[in-house]
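Asks: Pasting in a structure now, in structure tokens, and then I'll have a few things to ask.
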Amino acid sequence: MRKPIIAGNWKLNKTIDESISLVEDIKVKTMDLNREQMPTVVVCPVFTALKSVANILEHGKGIDLGAQDCYHVDSGAYTGEVSVPMLKDICVSYIIVGHSERRQYFGETDETVNQKAKAILSHGLIPIICCGESLEQREAGKTDEIVKTQVKADLKGLSNEEIAKSVIAYEPIWAIGTGKTCDSPEANRVIKLIRDTVAEVSTREAADKMRILYGGSVKASTIEEQMSMSDIDGALVGGASLEADSFVGIIKGTMLARTGK
Ligand code: PEP
């Protein structure tokens with residue numbers, strides 16, 4: 001049974017003090033939840049708040065720390081970049097790569113996503129690899145082709161073991177930050193297609209171990225239905241991760257869908 005993941009992508013939001021206060025609030029509001037039944041919870045603040053948030057989280061005991069991006073080279077003359085060992089040094093364990101906003105505004109490509117995923121795995125961290133189609137691509141009937149192409153390119157050259165440990169987030173671009181969620185059976189269908197594509201480039205066993213999340217306007221009111229689907233293993237959450245009540249509502253909804261409690 002795959003352990004669900006609920007990851008909060010805070011994007012370009014919150015000062016250090018605001019980040020501390022949000023994570024403290026999340027900690028308090030999840031304190032009484034059964035740790036065995038709780039999904040893996042990851043928060044991904046901006047780079048400048050990572051260390052302060054790390055100091056508050058008890059690493060490995062409930063809430064994990066994630067970064068929103070990284071560079072694939074460990075060190076050198078790459079002004080402005082942050083490397084995987086540097087993130088590992090401050091207890092980051094997950095790194096989002098290939099978010100559609102990075103693809104759209106910062107020139108991220110499947111090739112750079114693949115380089116970053118390799119670097120992340122080589123240092124023992126876990127990549128959350130984002131993929132998904134635009135509205136135009138969906139309307140042109142190209143969703144399956146786009147997603148399959150991205151997944152194959154993003155995972156190129158990874159071992160079966162590395163693939164099994166990696167996380168993919170299926171995020172239809174038209175559902176991100178728009179309030180429009182992809183309906184659950186359709187999200188599940190695309191996620192199943194992603195799992196079959198992963199099996200094609202690795203093994204069925206690796207594909208069945210890999211956790212594949214849905215992302216796109218997830219809220220406390222949508223998560224239970226999403227988590228009742230066969231192949232959705234959790235969520236990458238943007239807007240609703242910026243408030244403790246809504247984020248914890250998503251964590252609780254995940255537990256309810258999986259355990260009935
Ligand atoms: C995201 O940024 O990954 C995301 C899914 O955002 P939102 O939940 O706000 O749609």
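The values are calculated or read from the model by the stated rules, or taken from the named source; none is laboratory data. Everything numeric in this text was worked out from a predicted model, so none of it was measured. Here Cβ is always computed from backbone atoms with ideal geometry, including for glycine, and neighbour counts include all displayed protein chains. Heavy atoms of the whole protein, side chains included, go into the accessibility calculation; ligands, DNA and RNA do not. Shrake-Rupley method; radii C 1.70, N 1.55, O 1.52, S 1.80 Å.
Asks: Exactly one condition in (1) under 23 Å from R103 (Cα atoms); (2) within 14 Å of the ligand (Cβ to nearest atom) is not met by R195; state its number.
Replies: (2) is the only condition that R195 fails.
Asks: A further question follows. Would you check which residues across region 82-102 are open to solvent by 50 Å² or more (accessible area, probe 1.4 Å) and either in a helix (DSSP H, G or I) or within 16 Å of the ligand (Cβ to nearest atom) (or both) and list them?
Replies: M86, K88, D89, E101, R102
Asks: Looking only at region 168-203, filter to residues that are within 17 Å of R2 (Cβ to Cβ) and without any contact (Cβ under 8 Å) to a residue 40 or more places away in the chain; which one of those is surrounded by the most Cβ atoms within 10 Å (Cβ to Cβ)?
Replies: Checking each candidate, the answer is R195.
Asks: Can you confirm whether D64 is under 13 Å from the mean Cα position of the chain (by Cα), open to solvent by less than 50 Å² (accessible area, probe 1.4 Å) and of a type outside the set (V, I, T)?
Replies: For D64, the condition - under 13 Å from the mean Cα position of the chain (by Cα), open to solvent by less than 50 Å² (accessible area, probe 1.4 Å) and of a type outside the set (V, I, T) - is met.
Asks: Which ones in region 29-60 are open to solvent by 90 Å² or more (accessible area, probe 1.4 Å) and either more than 17 Å from K88 (Cα to Cα) or not in a loop (DSSP other than H, G, I, E, B) (or both)?
Replies: Of everything in region 29-60, those that are open to solvent by 90 Å² or more (accessible area, probe 1.4 Å) and either more than 17 Å from K88 (Cα to Cα) or not in a loop (DSSP other than H, G, I, E, B) (or both) turn out to be M31, D32, R35, E36, F47, T48, K51, N55.
Asks: Which of (1) open to solvent by 20 Å² or more (accessible area, probe 1.4 Å); (2) touching a Gly at 6+ places or on another chain (Cβ under 8 Å) is the odd one out, the single condition E162 does not satisfy?
Replies: The failed condition is (2).
Asks: Also, I was wondering about something else. Counting only residues that are assigned to a loop (DSSP other than H, G, I, E, B) and either open to solvent by less than 20 Å² (accessible area, probe 1.4 Å) or within 10 Å of the ligand (Cβ to nearest atom) (or both), how many does region 212-245 have?
Replies: Residues meeting the conditions: 9.
Asks: When you go through V147, V248 one by one, which is the residue that is farther than 22 Å from K3 by Cα, open to solvent by less than 70 Å² (accessible area, probe 1.4 Å), in contact (Cβ under 8 Å) with a residue 24 or more places away in the chain and among the β-branched types (V, I, T)?
Replies: V147
Asks: Need pairs with beta-carbon distance below 9 Å; first residue farther than 25 Å from T15 by Cα and hydrophobic (A, V, I, L, M, F, W, C) and within region 51-78, second modelled with pLDDT of 95 or more and open to solvent by 70 Å² or more (accessible area, probe 1.4 Å); sequence gap 6+ or separate chains.
Replies: V73/E81
Asks: Next question, about the same structure. Can you tell me how many residues in region 104-121 are in contact with a Phe, Trp or Tyr (Cβ under 8 Å, 6 or more places away or on another chain) and within 9 Å of L155 (Cα to Cα)?
Replies: Result for region 104-121: 0.
Asks: Also, I was wondering about something else. Output yes when any residue across region 158-167 is without any contact (Cβ under 8 Å) to a residue 40 or more places away in the chain and among the charged types (D, E, K, R), and no when none is.
Replies: No, there is no match, as no residue in region 158-167 is without any contact (Cβ under 8 Å) to a residue 40 or more places away in the chain and among the charged types (D, E, K, R).
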